[in-house]
1. Suppose R0 equals 56 Å; then what is the FRET efficiency for residue 330 and residue 177 from their Cβ-Cβ distance, rounded to the nearest 0.05?
2. Any aspartates and glutamates with Cα under 19 Å of the residue 532 Cα? List them, leaving off those in the same chain fewer than 8 positions away.
3. Rounded to the nearest 20 Debye, what is the dipole magnitude of the range 473-590 about its Cα centre when Lys and Arg each give +1 and Asp and Glu each give -1 at the C-beta?
4. Any idea which of 533, 558, 512 is furthest toward the positive side of the dipole for the range 473-590, if Lys and Arg beta-carbons carry +1 and Asp and Glu beta-carbons -1?
5. Once you've got the Cα coordinates, tell me which of 414/474; 228/414; 216/407; 155/407 are over 24 Å apart.
6. Mind jotting down the distance between the C-alpha centroids of the range 254-276 and the range 395-469, whole Å?
7. Name the helices (complete DSSP H segments) of the chain with a Cα length along the long axis of 30 Å or more and a Kyte-Doolittle mean of at least 0.5, or state none.
8. Using modelled backbone amide H atoms (1.01 Å from N, in-plane), which distant-in-sequence or interchain residues come within less than 5 Å of residue 499's amide H?
Amino acid sequence: MGQRSFAQHMPLADLARGEAANKNHVPVRLAPTALTIERRSDATLVLRSAIPLPEPVRCVTDWLAQWKQRAPDRCFLAERQQGQWTRLSYAESLAQVERIASGLLGLGLTGDTPLLILSENSVEHALLALAAMHVGIPVAPVSPAYALLSQDHQKLRQITAALQPGAVYVSDPDKYAHALRAIGMTALDTAAVRRGVPGADVECAHRRVGPDTVAKILFTSGSTGSPKGVINTQRMLTVNQMQSLQVWPFLADMPPVLLDWLPWNHTFGGNYNLHMVLSNGGTLYIDAGKPVPGLFDASLNNLRDVEPTVYCNVPRGFDLLLPQLEQDTALRSHFFRHCRFFFYAGAALPQNIWDRFQALAREETGHNATLVSSWGSTETAPLCAAVHFPIDHTGVIGLPVPGCELKLLPNQGKLEARVRGPHVTPGYWREPALTQAAFDEEGFYRMGDALRFNNPAQPEEGLVFDGRTAENFKLNTGTWVHVGELRMAMVAACNPLIQDAVVTGHDRDEIGVLLFLHPSAAEVPATEVRQKVAQALLAMNQGAAGSSARVARALVLNQGPRLDLGEITDKGYVNQRMVLTLRAAAVQQLYDDNASDVILPSGTPSKQKAITP
């Protein structure tokens, strides 16, 4: 085996590239790249960062105590109530956390009886979660969709049975009444819990909390079976923020201000964003909006009030924000005034969105924005790799963060990724068999993703997400179809008509795609949509290198992905497997040569008869 090291230091002046200097431009401080590669005889690679990883704090609420001492009056959390922002300082937050912790202990909750949370993001939600973690009670935030949109509450019942919670908090007992009946529980009396009097009970319980104490249990989507409860220890959460700070040291230069909607039952919003603010003494404005039609206006109104220093979103959020920034010069000026770091994750960002966003940044500031991404999962707290160097296109997910070992193994013509480090879960809640299967013989967690080098000749230029190995399938010819890259190519080829695509063709002779129309194209006549999609497919196929990259047929669905059925997640990305399962009739129609509305890349759509799968 061999090892090769790469080190590169980018001058701060190069971190944001633009033609003209701007007197208000302050480049963000990023870590230099420092990569080592172990090359094994079987072609396996192990990538590591040479940046040292300092010891983190003992537990999550040590950050709260730290900032209560250093900046007691600084706002930690803010949310709208009756149209006005209400704010809670670090000192006020710690005092309330200790009172609530005493109340939870008074109910007899322990490390074996987690607190189940059914709630949207809110100050109350945050305080309850922090209070539970403060005294060693695991907290399990669960998607409100399982309670409010589901008709049979199947997933919620499965989660409750696996979790065996000691109590359940709901933000509105009336709204969640049906769900509570389905799981046979009564709502936590928060008024009573808040009457707790912190004393020796809280102090002793807090002292017992250590790095291996279970802090959270986050449930996977369950697209391939029942949802799995991912154990998140205190170490995972505190180490991950230290890893983040080592590659993005600008976070220590100014306390981050974040306006964020991302749900706390997901690792992106609930682990990374919330704890990034808390660990660095920042301020989190809770956004009740979402990047979906009908709710995004609330996000825009909030953005006009708040001047973030860091902006995090999923690609769909950037997609909806862009036209607003292009049309509203006042909003654009406000948005870019203090914000210099823009972060997307959860799905791939289309290149056209990247280009438009950078054009706006240059117009407003004279420089390209620091627009970056990362890579990880619920099992990794979530950060495993991050971009901390200049890039000029979308898709790059960066390099391993300090303390993370990234193993790349040849698999199906790609490089399968596995990770090991102090930020990786010890396993699944009360599921020893699943836990054992999740790790290889060296203790690396099997991510299920494929990665590739952005530039194989220069590995320090980062890695690119190369699809989910579990999504890939073979055609009848025995040729592997790489779903992730084909899906991205489809969306790019059909821009701006198509928002997302689902790839079909398992055990068939040719590839098909189910297409979700972009909301902005809702008024475009159906015949025009089909003609343009057919033209885009024809152009895309001309550059395809074989049947594994050639789309033979497409179908535009009249109904968008359904959140309540799991076709789309709370973060806004499409669940390929669930769509194929629930829309089996549409898949069947797609491969019926006599069916209506099937689009063929040869150019002529078939008969124009609307369908609603």
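1. So, using R0 = 56 Å, E works out to roughly 0.80.
2. Cα-Cα hits under 19 Å: 500, 523, 597.
3. Magnitude of the dipole: close to 180 debye.
4. Sorting the options by dipole projection puts first 512.
5. 228/414; 216/407; 155/407
6. Cα centres, the range 395-469 to the range 254-276: 23 Å.
7. Within the chain not a single helix satisfies the rule.
8. 516, 517, 518
Values quoted throughout were computed directly from the atomic coordinates according to the rules given, and no laboratory measurement underlies them. Everything numeric in this text was worked out from a predicted model, so none of it was measured. Because the Cβ atoms are built from the backbone with ideal geometry, glycine has one as well, and the counts that use them run over all protein chains shown.
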